[in-house]
Amino acid sequence: MINSIQNLSLRQKNLIVMTYDALVIIFCFTASHCLRFGEWYPDIFNQPTFLKALPLILVTQLTCLYYSNVYKAIWRFSSIPDLIRVIRGVSLAVPVSLFIIFIMNRLEGFPRSAFLIDWFLLIFFLGGGRFIYRIYSDYQRNIGLKNQNVKRVLIIGAGVGGEKLLRDIKYTPTLGIRVVGFIDDHKDKIGRTLGGVPVVGRSDNLKTVITRLQVEQVFIAIPSATSQEIRNILEKIDGLDIEVKTLPKINDVIYGDIEFSQLRKIEPEDLLGRTPVSLDMNEIASFIKGKRVLVTGAGGSIGSEICKQLLKYSPDLLIGFEQSEIAVYDLQKHYRDENAKFIIGDVRQEESINSALKKFKPHVVFHAAAYKHVPLMEENPIEAIKANIVGTLNTAKAAISNNVTKFVLISTDKAINPTNVMGTTKRLAEMICQFQKNRNNTEFIMIRFGNVLGSSGSVIPLFKEQIAKGGPVTVTHADVIRYFMSIPEACQLVLQAGAMGSDGQVMVLDMGQPVKIYDLAKEMIKLAGLRLDDDISIEFTGLRPGEKMFEELFKNGEARIQTKNEKIFISQTNTIASDFEDGLNQLLKLTHNSPIDQILLTLQRLVPEFKPTTNKASGEERIH
């Protein structure tokens, strides 16, 4: 019967519902008088006014229910909000009915208390009918699931996330899923039920529960789960052939909108992420709100996320400055309803960036445009100089001449004791900004951090591609370690550091504990459901040109000062040499025809700690 009703058109369904409600309205109105007079057939039924009142009551109450949105609800999903709509509709319908009868005959022969009884009866039968249908629908659905070959699922987290996920699964039988239990570490929930599904134990008993209930899939329904909590869950089911999925982080889920479709496989980012960033929203808001803000490199991994974060703080106008035509097109399409404008330009061209600042007069500039790929910049050092040094110099000059209040440079951990051209050019970009201290009205702040998860050219997308192709997974060296931070976390801290920083300061973001790239490769192979050696191998290729075994965030001798935010530090760097400007001018005279030794030597004169490496890739070593 349930299936046949569901196959009807919306108009047919509404006709059935209104027919039911009409019968209930007539029944409740007559029953209220029977109860009031204490008789099965009171005398009022023989009066013509009562018979005349029935159609008026019917039309009036159906109309009130309609305008109370009672007929927009789907019966098989009936819930408390639907009951509230029924109560609201009945609470409107009964007084209006009383008023109609009063107009008709001054309520002669109609006891007022009968209308109060009618109110209770209507709520009971109208609301009750809907919930009975839902209960019967759920029963039929469960019978159908028992007769199907469905996957048995265990949900970890008997909270809001778990309840919403269960509800979505229950009302989508085509998923072929049956939730057989919940796992939750809250002791008061053990042994209780959520949506008719028992909470069967704590995460400590996860392996036993999975085996006993013959679970085939595990869903982690804890949007606030930390990376450590997810790692602990995976460790507890290590060795079991179980598919594990999780909901996105709470910041990525629209409030209240948790659905089955949002479940996804565990990603490396879930294991490398850290505790949520603590931000001073008021400080960032006062820094950004009502101001014009320009972001260079707006189409890049960092630049685009900075744009996204900035728009949360209501700038007067966001200006995205980007060289790539495709990136500008995508940004315009994505942010077409926002208070933002995206333009094509090149920081390497002084006129290009200066004209943009002259036109829009931004109060704040975030300079994220840069070349960042180490091996590519080893092969193209002049291009690195043009983008990272000339680009920064042009943008800094434009900021000064157009009275920008604050200039924020996005730097990198590779600028510390650099062994490659890219890191050296980024250190020089820092020095260009430091050189401006106390020279003009523009404040220059430098923000230094390490690798971000999932950015273009980073190791995680590369490993995913290699695993998808069946391997081998290439790691440069067994002992290489790197710092990792999510793109949103990095950009949130960039805004915070930019807000709190003052002229000439180098702000350093806390990158947490470094990660061994070899261990990351093994974890990604495991997450893909594969076994190291048996299914896929890891191959050592040797350090690439310019690559270090480990990155640093502070130079030797740099003071590390803690700010009021535990994840942001200030680095007291060495003062800039008095002949820095002369050395920089010599560097800028170099061309593509300049010998590589001359380029490296000129860079080394400006950044004495630059120690070029002679790494050569080698693919001889392999793990079996």
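What to note about this one:
- Using alpha-carbon coordinates, inclination of helix 325-334 to the longest axis of the chain, degrees: 30 degrees
- Two numbers describe the Cα atoms of the chain: Rg and Dmax, which are 33.8, 114 Å.
- Residues in the range 84-99 reached by a label modelled at N69 [backbone nitrogen below 14 Å; 7 Å Cα→Cβ]: 84-89
- Pairs spanning more than 27 Å between alpha-carbon atoms, out of K469/K611; K464/K611; K236/K414; K372/K397; K151/K236: K469/K611; K464/K611; K236/K414.
- Debye, to nearest 20: dipole size of the chain, +1 on Lys, Arg Cβ, -1 on Asp, Glu Cβ: 1740 debye
- Nearest 10 degrees, 0 to 90: helix 80-105 Cα axis against the chain principal axis: 40 degrees
- Length added when fully stretched, D43-F99, from 0.36 nm per residue minus Cα-Cα: 17.9 nm
- Of all DSSP beta bridges in the chain, antiparallel share, percent nearest 5: 25 percent
- With Cα atoms, 0 to 90° folded angle of helix 487-500 axis to the chain main axis: 70 degrees
- Length released on extending from F120 to R439, taking residue separation times 0.36 nm less the Cα-Cα span: 106.9 nm
- Residues K567, K308, K358 arranged by fewest to most Cβ contacts within 10 Å: K358, K308, K567
- When each of K526/K548; K308/K567; K245/K341 is checked by Cα-Cα distance, pairs over 32 Å: K245/K341
- Listed pairs K426/K589; K289/K386; K164/K564 exceeding 28 Å between Cα atoms: K289/K386; K164/K564
- Computed FRET value (nearest 0.05) for I26 with R167, which takes r as the C-beta separation and R₀ as 35 Å: 0.50
- Long-range Cα-Cα pairs in the range 357-493 (distance over 24 Å), rounded percent: 39 percent
- The range 333-378-the range 77-121 distance, computed between alpha-carbon centres (Å): 64 Å
- Selection among V404, M507, A478 by position relative to the dipole of the chain gives V404 as farthest towards the positive end (Cβ unit charges, Cα centre).
- Note on the range 31-120: Rg/Rh from Cα positions, Kirkwood definition for Rh, rounded to two decimals, is 1.03.
- Normalised by the number of residues in the chain, the average gap of Cα pairs under 8 Å and 6 or more apart makes the relative contact order 9 percent.
- Positive dipole terminus of the chain, leading residue within C307, F219, I487 (C-beta point charges): F219
- Under 11 Å, Cβ to Cβ, from V180 - net charge with Lys/Arg +1 and Asp/Glu -1: +3
- Residue among I536, P81, F124 farthest towards the positive dipole end of the chain, charges placed on Cβ: F124
- Of C28, C64, C433, the sequence from fewest to most neighbouring Cβ atoms within 10 angstrom is C64, C28, C433.
- Volume per residue of the convex hull around the Cα atoms, evaluated for the range 431-590, comes out as 155 Å³.
- Approximate spin-label separation L532-I344, in nm, with each point projected 7 Å along Cα-to-Cβ: 4.8 nm
- With neighbour counts taken as other beta-carbon atoms within 10 Å, the residues F99, F342, F366 rank, fewest first, as F99, F342, F366.
Laboratory data are not the source of any read-out in this text; all were calculated from the coordinates shown. Note that this is a predicted model, so its numbers are computed, not measured. Here Cβ is always computed from backbone atoms with ideal geometry, including for glycine, and neighbour counts include all displayed protein chains.
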